[in-house]
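Structure, as structure tokens:
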Ligand SMILES: [Zn+2]
């Protein structure tokens, strides 16, 4: 299967407007538990806030209901190693229950939303697209990386990007897609 097929050919240029303040966004249940550090120069923190300020109320409500189903992991760039506690999260979705039933590997685990320190070196749009994309997987109740069935992986990727687009992050998603295309090209040359 072509790697390109999981992304739509044209992203919507409709951009989600800002509908809540940073202060209001920081109070949302599903934001990182330790709070978003005010040092907005950290691109990932700023990207999480950007998405939280622009998501519609109904999406925010869905994410509120998933607050205990995942845990943010946004490791600091300068932190080279460490032991981190990941609380056991609770996911009531049918898909997760099904996976737990068929694989002992996922019987007890934490669903962790990881934002790589490498995002600090990408453009802000790429960081925003990455945050929105992972939140889309949450809203769609997709299984976590590593335990998803191979045959559903690309279908889930496509569905997540389509949702990101419908939320009004199409322009950012397009830049993300272009970055991956460039990487593929560079890998070949
Ligand atoms: Zn994905």
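The values are calculated or read from the model by the stated rules, or taken from the named source; none is laboratory data. As the structure is a computational prediction, the values presented were derived from the model and not from experiment. Methodologically, a virtual Cβ is constructed for each residue, glycine included, from the backbone with ideal geometry; neighbour enumeration extends over all protein chains shown.
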**Asked** Being at pLDDT below 95, under 23 Å from residue 183 (Cα atoms) and away from the ligand (no atom under 12 Å from the Cβ), is that true of even one residue in the range 135-144?
**Response** no
**Message:** Criterion first (within 13 Å of the ligand (Cβ to nearest atom) and under 18 Å from residue 51 (Cβ atoms)) does residue 157 satisfy it?
**Reply:** no
**The listed residue being at pLDDT below 90 and either surrounded by 20 or more Cβ atoms within 10 Å (Cβ to Cβ) or closer than 24 Å to residue 28 by Cβ (or both), out of 88, 126, 74** = 88
**Request:** Name the residue, out of 28, 49, that is without any contact (Cβ under 8 Å) to a residue 40 or more places away in the chain and closer than 17 Å to residue 172 by Cβ.
**Result:** 49
**Message:** I need the full set of residues from the range 27-47 which are under 17 Å from the mean Cα position of the chain (by Cα), over 23 Å from residue 165 (Cα atoms) and modelled with pLDDT of 90 or more, in order please.
**Reply:** 29, 32
